[in-house]
Amino acid sequence: MTCSLIITTYNWKEALELVLTSACNQSIAPLEIIIADDGSQNDTKDLINEISKETSISIIHSWQEDEGFRAAESRNKAIAKASGEYIIVIDGDIILHKDFIKDHIKFSRRNHFVQGIRAKLNQAKSEEIMKSKQFKFAAFEKGIKNKRNSINQGFLSKLFSGKRYFKKLDMLQTCNMAFFKEDCIAVNGFNEDFIGWGKEDSEFGYRLLNSGIKRRDLRFAAIGYHIHHEGNSRDMLEENIKIFQNTVDNKLCECKNGIRKYLN
């Protein structure tokens with residue numbers, strides 16, 4: 001199975017450098033890495049070009065104009081460019097365990113999408129790794145806040161991973177999420193009516209569920225380490241909740257303003 005890794009970013013090349021380095025040092029490499037760039041300045045492009053010279057993995061820079069927080073549109077454009085049949089989406093502040101791609105591929109299953117976890121680095125640890133450029137971590141390492149999420153262990157993963165039988169969307173986040181490209185296209189991808197931070201990931205997941213794609217949660221595997229930073233503005237959250245609630249109330253399977261307009 002071919003797999004494309006999508007990394008969202010916006011004007012934080014220092015974090016992206018660590019994330020890309022971890023993505024290029026996987027035990028099983030993705031077919032390609034696509035940077036879903038929501039309008040970063042040229043220094044991000046320069047970084048991507050430099051790292052591209054140092055790896056055999058194809059790195060595609062999918063850039064759009066900076067017109068505010070448009071993560072849904074940025075992701076759709078990147079996914080539309082993907083050659084892989086399986087899509088793994090992370091944020092540009094998630095450093096990957098060396099078996100991240102391997103674990104996701106092993107756990108993948110047709111007619112399912114996957115929600116993974118993240119181990120959060122505290123502020124001091126985050127500042128430290130930005131200077132040292134550390135991209136490998138041990139379980140329970142000092143500076144990891146939720147240490148349980150740093151454990152990568154096969155037996156525990158089999159024991160605690162699996163289906164979500166109820167339509168619960170708690171902790172549905174695109175910081176560590178995977179799905180088949182064909183399922184994404186079937187629901188018309190992410191809803192680009194979402195502007196600003198909040199709910200575009202949950203609404204996408206809800207449409208997958210409504211269309212019969214089941215959720216599976218991956219635990220104690222495919223570990224991502226989240227670099228601490230200040231949160232995004234919540235100015236548009238109220239409007240975004242209305243869009244989300246409309247999908248919930250009307251049991252929508254598709255959105256109108258989605259990925260299909262970027263497909264050949």
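Just so it is clear, none of the values below were taken in a lab; they were calculated from the coordinates. This is a predicted model, so every value here is computed, not measured. A quick note on method: Cβ atoms are made from the backbone with ideal geometry, for glycine too, and the neighbour counts reach across all protein chains shown.
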Exercise for the section: Do me a favour and compute the ellipsoid semi-axes for the range 59-192 from its Cα gyration tensor, root of five times each eigenvalue, largest one first, whole Å. Expected result: 26, 22, 14
Exercise for the section: Report, ordered by chain and residue number, the lysines lying within cross-link reach of Lys142, taken as a straight Cα distance under 25 Å and ignoring same-chain residues fewer than 8 apart. Expected result: Lys13, Lys98, Lys120, Lys125, Lys131, Lys133
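Roughly how large, in nm² to one decimal, is the mean projection of the convex hull of the alpha-carbon atoms in the range 36-86?
Numbers: hull surface 15.8 nm².
The Cα convex hull of the range 36-86, projected and averaged over all directions, gives 4.0 nm².
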Practice task
Using only the alpha-carbon atoms of the range 1-63, report the extent along each of the three principal axes, biggest first, to the nearest angstrom.
Solution key: 33, 19, 16
Practice task
Could you give the size of the charge dipole of the chain about its Cα centre, using +1 on the Cβ of each K and R and -1 on the Cβ of each D and E, expressed in debye and rounded to the nearest 20?
Solution key: 1540 debye
Fill in the blank from the handout: The pairs in Lys147/Lys251; Lys81/Lys106; Lys81/Lys145; Lys45/Lys163 lying past 27 Å Cα-Cα in this model are Lys147/Lys251; Lys81/Lys145; Lys45/Lys163
Practice task
Quick one: P(r) of the range 140-264 from all Cα-Cα pairs, 10 Å bins, percents rounded to integers, in order of increasing distance.
Solution key: 11, 36, 32, 18, 2
Practice task
Quick one: order Arg118, Arg260 by neighbouring beta-carbon count within 10 Å, fewest to most.
Solution key: Arg260, Arg118
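Using the Kirkwood formula on the Cα atoms of the range 184-254, what hydrodynamic radius do you get, in angstrom to one decimal? Can you show the working numbers first?
Values: mean 1/r = 0.0729 Å⁻¹.
One decimal place: 13.7 Å for the Kirkwood radius.
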Problem - Per residue Cα convex hull volume in Å³ - calculated over the range 3-262 - result: 117 Å³
Problem - Mean separation of Cα contacts under 8 Å, 6 or more apart, over the residue count of the range 1-132: relative contact order % - result: 37 percent
Exercise for the section: Express in whole angstrom the spacing between the alpha-carbon centres of the range 62-126 and the range 136-155. Expected result: 20 Å
Completion exercise
Phi-derived 3J(HN,Hα) across the range 87-102 with the Karplus relation (6.51, -1.76, 1.60, θ = phi - 60°), rounded Hz, x for Gly and Pro, is 10, 10, 10, 9, 8, x, 10, 10, 7, 9, 4, 4, 9, 4, 5, 4
Handout entry: Relative contact order, percent, the chain [alpha-carbon distance under 8 Å, six or more residues apart]
Key = 25 percent
Problem - Under 14 Å, Cβ to Cβ, from Ile59 - net charge with Lys/Arg +1 and Asp/Glu -1 - result: -2
Problem - Relative packing of peptides 52-63, 76-87, 103-114, 18-29 - highest average C-beta neighbours within 10 Å first - result: 76-87, 18-29, 103-114, 52-63
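Kindly rank 138-150, 189-201, 212-224 from highest to lowest mean number of other beta carbons found within 10 Å of each residue.
Details: 138-150: 15.0, 189-201: 22.6, 212-224: 20.3.
Per-residue Cβ counts within 10 Å, averaged per peptide and sorted highest first, yield 189-201, 212-224, 138-150.
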